[in-house]
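For reference, the structure discussed in these notes is given below.
Please treat every number below as a calculation from the coordinates, not as lab data. Since we're looking at a predicted model, the values are computed, not measured. Cβ: placed from backbone, ideal geometry, glycine included. Neighbour counts: every protein chain shown.
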Amino acid sequence: MTEFPPTEETGEAGEGNITRKRLLQLGALVVPAAGLIGATAAGGFAAASPADVRPEGAEALNLACTPGQQTTIAQTEGPYFKPGSPQRTSLIQPGTTGTRLTVSGYVFSRSCRPLANALLDFWQADSRGAYDNSGYTFRGHQYTDANGKYTLTTIVPGLYPGRTRHIHVKVQNPGGRILTTQTYFPGEPRNNTDTIYDPRLLMNVRTVGSAKEATFDFVLNVA
């Protein structure tokens, strides 16, 4: 099990993402390379418009990032983070209910260098809006591949009082500082009332059959 070192950065300042710039560059949303996973329950939020397929290889990385752009903003980790999550790319377990969600993307440096072996630690609520504080359900960490890519298989998190739908994540380049942040879903009514929500952290989300696919790229404060 992996625990983050005591260099954790959870303040308001710091890191912004490239989602809006990518939309301007491509003129459309981007589909993750990960395959579709079936759903066991219907979702309850608005989906984004149909998307173009992301090209493979270096061309895709160039389209996804603009050198010198703003880094991904930091947000509070909240009260439910637990160190020592298991290493896994899927948070789905036998008996899991909810709308299946595949989130994929890249971790970049400020110069758009893809960061291999970057650590991402995800945690979220279940379909009822509850966190597992005694175990590691809907908690897990993984590492980016040689191209800086990650893929997470999970479900759309449920709602709980005071918050809109979101997924927590800590991202760390090997030996670097930790970015603690959250990602959000477009079209959620509670986006307008959640005081933590920030539109710069919106994922690109689309509906495919009865499942959801999303993309989000992180840009770390690394040269």
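Data for the structure
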{"read-out": "For Ile155, distant residues with modelled amide H under 5 Å away", "value": "Leu101"}
{"read-out": "At 1.002 mPa s and 20 °C, Stokes diffusion of region 95-223 via Kirkwood alpha-carbon radius, µm² per second", "value": "140"}
{"read-out": "Extension reserve of the Asp145-Ile92 stretch, reckoned as 0.36 nm per residue once the Cα distance is removed", "value": "17.0 nm"}
{"read-out": "Charge dipole (debye, nearest 20) of region 136-223; +1 at Cβ of Lys and Arg, -1 at Cβ of Asp and Glu", "value": "140"}
{"read-out": "Relative contact order for region 76-209, counting Cα pairs under 8 Å that sit 6 or more residues apart, in percent", "value": "26"}
{"read-out": "Distance (nanometres) between label positions extended 7 Å along Cα→Cβ at Ala130 and Asp194", "value": "2.1"}
{"read-out": "Convex hull (Cα only) mean projected area of region 156-220, reported in nm² to one decimal", "value": "5.3"}
{"read-out": "Average silhouette area of region 115-186, convex hull of alpha-carbon atoms, in square nanometres", "value": "5.6"}
{"read-out": "For region 60-111, alpha-carbon Rg and Dmax in angstrom", "value": "16.0, 44"}
